[in-house]
Amino acid sequence: MRKLLVITIIYFYICYYIKPTFGFVNLKSLSTSFFDTPARFSARINSSELCGALLVADPLDACSSLVNTVFQFDHVKFVLIVRGNCSFLDKVRNAQLAGFDGAIVFDDQVEKNLISMIGSPEGIWVPAVFVSNEAGETLMKHARGEDGECCIISSLTETSWNVLIISFISLLVILSVLAVFVSVRVYWRNPNRSSNLVGGKLVESLPCSIFNATHISGYMENTCAICLQDFKDGDSLKILPCQHKFHANCVGSWLTKWNTFCPVCKYDLKTEVTH
C-alpha cells in the first residue's frame, strides 16, 4: 500500500506540473495559422486569443535595446524576433522594455522541432511564444504593423480539460492494475485460500479420521507422503477416494495449491467432483 501511495503522489505531481505546451499564431491577412510553444517564463494571455499589430524587431535578434519602441501606440503590439546570439529571456525582456505587449520568437534553423523557451519569470509580464523558421519568415514578410493583423491563440483551456480527462482515465487504469496486483498478492499470501476451486470442493468433501496407532490396519500407512512425517496419535487425517491418507493440512494445501491428483498414486480426484 505504501508503494501505491507513492506512485499516486508522483502521478498527480507530474499531471499538475506538466502544462500544455502548444498554441497557434494566426496571420489574418493570409488566413494562416502556425503552431507555437509558449515560453515557460512568460505570462499567459487572459483570454482564448490576443490580437494586435505585428512589427519586426530592430535589431532582429533583440539582443540589445530595440530601436522601434512603441509606447506611443494605444493598441496591442507584437514584435517578431529571430532566435540566436542571446538568451530567450533577454530577447523577451528587451521587447517588454520597448513597450511591446508580446513577443514571437522564430527559429533560425530550418526544419527543427519547436522548443519550449525557458528562463526566470521574474519581472516578465508579457506573453512570448516560439514558432518555426518557416512561420517566422512568413510572418516577417507580411508584418505591416496594422491593428489586429496577428493573433496568438491559446489552446490552454481545451488542452487542460483534455489532459485532465486523460489523466483521470490513466489514473483509474493504474489504480485498477495496482488493485489487482495487491489483491492477487494478498490472495496468494492467504494460507486458507482455495486457488483451485475443484481442490477446494474436494478438501471439504474428504472424510476425516483421527490417527490412533493401536488401530493400524495392514493397509493403513503410518507416514504422510507429502510432509514425510510419521503420523502421531491424535493427528487429523484426510482420506482420499483411493484410500491413501495424509495429514489434513498437508493434503488440503496440496489439493488447493498444486493439483487435484493423489501424491502417491496420481489418482485424479476431479472425477469425484464431476460425478
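The values are calculated or read from the model by the stated rules, or taken from the named source; none is laboratory data. What you are looking at is a predicted structure, and each value in this text was computed from that prediction instead of being measured. Calculation scope for accessible area: heavy atoms of the full protein, side chains included, ligands and nucleic acids excluded. Shrake-Rupley method; radii C 1.70, N 1.55, O 1.52, S 1.80 Å.
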Worksheet item: If Arg144, Arg44, Arg83 are ordered by their accessible area, calculated over protein heavy atoms with a 1.4 Å probe, which sequence runs from highest to lowest?
Response: Arg144, Arg44, Arg83
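So, with a 1.4 angstrom probe, what is the percent of accessible area on the stretch 95-140 that is carbon and sulfur?
51
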